[in-house]
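Chemist: First, the structure itself, so that you have it in front of you.
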Amino acid sequence: MRVLFIGGSGNISTACSRLAAQRGFDLVHFNRGQRRVELPAGVRTVRGDVDDRRAMALALAGQAFDVVVDWIAFDPAQAAADVEMFAGQVKQYVFISTATVYQKPPRHYVVTEDTPLGNPFWEYSQKKIAAEQLLLEAHRRHGFPLTIVRPSFTYGDTWIPTALGVDFTPVHRVRQGLPLVVHGDGTSLWVMTHASDFAKGLVGLLGRADAIGEAFHITSDEVLTWNQIYQCIAEGAGAPAKMVHVPSEFVASVNPALGAGLLGDKAHSLVFDNAKIKHLVPEFRCTVPFAQGVRQSIAWLDAHPEEQVLERNAALEQILGAWYR
């Protein structure tokens, strides 16, 4: 089976590339080739800019694919360009959406694929919803072979996942004895999914005719509170966690950019029912608990100090300063 990943070198897609290669897929990446990622043997990269569709068509000319997975389409215009390019050309098109499209605030903390969509807090989610709607209309009207996949918070070796960012900041802060900002009282429920586990579900959907016209979220079944999540990070970093609990609305008032993702997603208790993906892909099981996965991430970043970005450190200081005042 010949598969095209548009993107392919990101946090989640790299793990999916590894598993697809292990399973013998003929995998091609189309991206700008700007990220330093060690690709599995046999995976080829065609370099180009997805926003230049004429050049993209020329770069891929003469190559036929059974499945296309677009990891980097974020709005309806990009989705429409995919419909134009791949309609009638592939057997399956997989749109990587996001679980943040589900209704916020949620009516119930357990989320299924039938949970209504709607997120008034976060533009990122609103654009993904609009893209999903455009693609579903193409499927209904013209048989466009759409499968929608909605990851929730999924992390790999290069990410330290927290409610306010994914960089090295929390590890740095606990090792320096500095406090961490934890939204609310830290007792809301959350799910963290390791990229290697997500890959089992995604790769299992590729080439499946019975996945056409369907949407799937793919997440871990391990449920943690945010206090437990930050405690796991601190233990992995080898230092005690000093948590300062700050209301989510206050965080959003001080830093609206971070607040959008907080109020539009992580401030709420969310647990995902994975019965649908397990029914279609019975081998899908998540086997990396968060305590183990985040230790792996910390170890990887400790071995790659050049990747230890502290982008969120100033924002945390800003929020804490305002809260103390």
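All of the numbers you see were taken from the coordinates with simple rules; none came from a lab. This is a predicted model, so every value here is computed, not measured. Note: ideal-geometry Cβ built from the backbone for every residue, glycine included; neighbour counts use all protein chains shown.
Chemist: Using amide H atoms built 1.01 Å from N in the peptide plane, name the residues 5+ places from V90, or on other chains, whose amide H lies under 5 Å from its own.
Modeler: So V90 has HN proximity to no qualifying residue.
Chemist: Please get the size of the charge dipole for the chain, origin at its Cα centre, with Cβ charges of +1 on Lys and Arg and -1 on Asp and Glu, quoted in debye to the nearest 20.
Modeler: Working: 30 positive and 33 negative charges, 45 e Å.
So the dipole magnitude of the chain works out to roughly 220 debye.
Chemist: Treating cross-link reach as a plain straight distance, find the lysines whose alpha-carbon is under 30 Å from the alpha-carbon of K278, omitting any fewer than eight places away in the same chain.
Modeler: Result set, ordered by chain and number: K91, K104, K127, K128, K200, K266.
Chemist: So what's the gap between the Cα centers of the stretch 144-201 and the stretch 262-325, to the nearest angstrom?
Modeler: 1
Chemist: Oh, and also: Nothing charged except the Cβ atoms of Lys and Arg (+1) and of Asp and Glu (-1): what's the magnitude of the dipole of the stretch 133-281 about its Cα centre? Round to the nearest 20 debye. It would help to have the intermediate numbers written out before the result.
Modeler: Working: 11 positive and 13 negative charges, 41 e Å.
Dipole about the Cα centre, nearest 20: 200 debye.
Chemist: Find out how many positive minus negative residues lie around V67, taking Lys and Arg as positive, Asp and Glu as negative, among other residues whose Cβ is under 15 Å from that of V67. The partial results should precede the final answer.
Modeler: On the way: positive: R2, R23, K91, R208; negative: D26, D66, D70, D82, D210, E214.
Spelling it out: positives minus negatives among the neighbours equals -2.
Chemist: A further question on this structure: With a 10 Å radius around each residue's Cβ, average the other Cβ atoms per peptide and rank 6-17, 54-65, highest first.
Modeler: On the way: 6-17: 23.1, 54-65: 11.9.
Averaged packing, sorted descending, gives the order 6-17, 54-65.
Chemist: Counting Lys and Arg as +1 and Asp and Glu as -1, each charge on the Cβ, what is the dipole of the stretch 21-145 about the Cα centre in debye, to the nearest 20? Walk me through the numbers on the way to the answer.
Modeler: Numbers: 15 positive and 15 negative charges, 38 e Å.
Dipole magnitude for the stretch 21-145 comes out near 180 debye.
Chemist: Using the Cα centre of the stretch 219-325 as origin and beta-carbon charges of +1 (Lys, Arg) and -1 (Asp, Glu), tell me which of G293, V281, S269 is placed farthest towards the positive end of the dipole.
Modeler: The one lying farthest along the dipole's positive direction is S269.
Chemist: Tell me, what HN-Hα J-couplings in whole Hz come from the Karplus equation 6.51 cos²θ - 1.76 cosθ + 1.60 at θ = phi - 60° for each residue of the stretch 58-63, using x for Gly and Pro?
Modeler: Computed from phi, the couplings for the stretch 58-63 are 5, 5, 9, 4, x, 10 Hz.
Chemist: Residues with beta-carbon under 11 Å from that of A234, excluding A234: net charge, scoring Lys, Arg +1 and Asp, Glu -1?
Modeler: Working: positive: R173, R175, K242; negative: E235.
Here the count lands on +2.
Chemist: If you count, for each residue, the other Cβ atoms within 10 Å and average over each peptide, how do 152-159, 242-249 line up from highest to lowest?
Modeler: Details: 152-159: 21.8, 242-249: 15.2.
Final packing ranking: 152-159, 242-249.
Chemist: What does DSSP give for the chain in terms of the percent of beta bridges that are antiparallel, rounded to the nearest 5?
Modeler: Values: 4 of 38 bridges.
The antiparallel fraction comes to roughly 10 percent.
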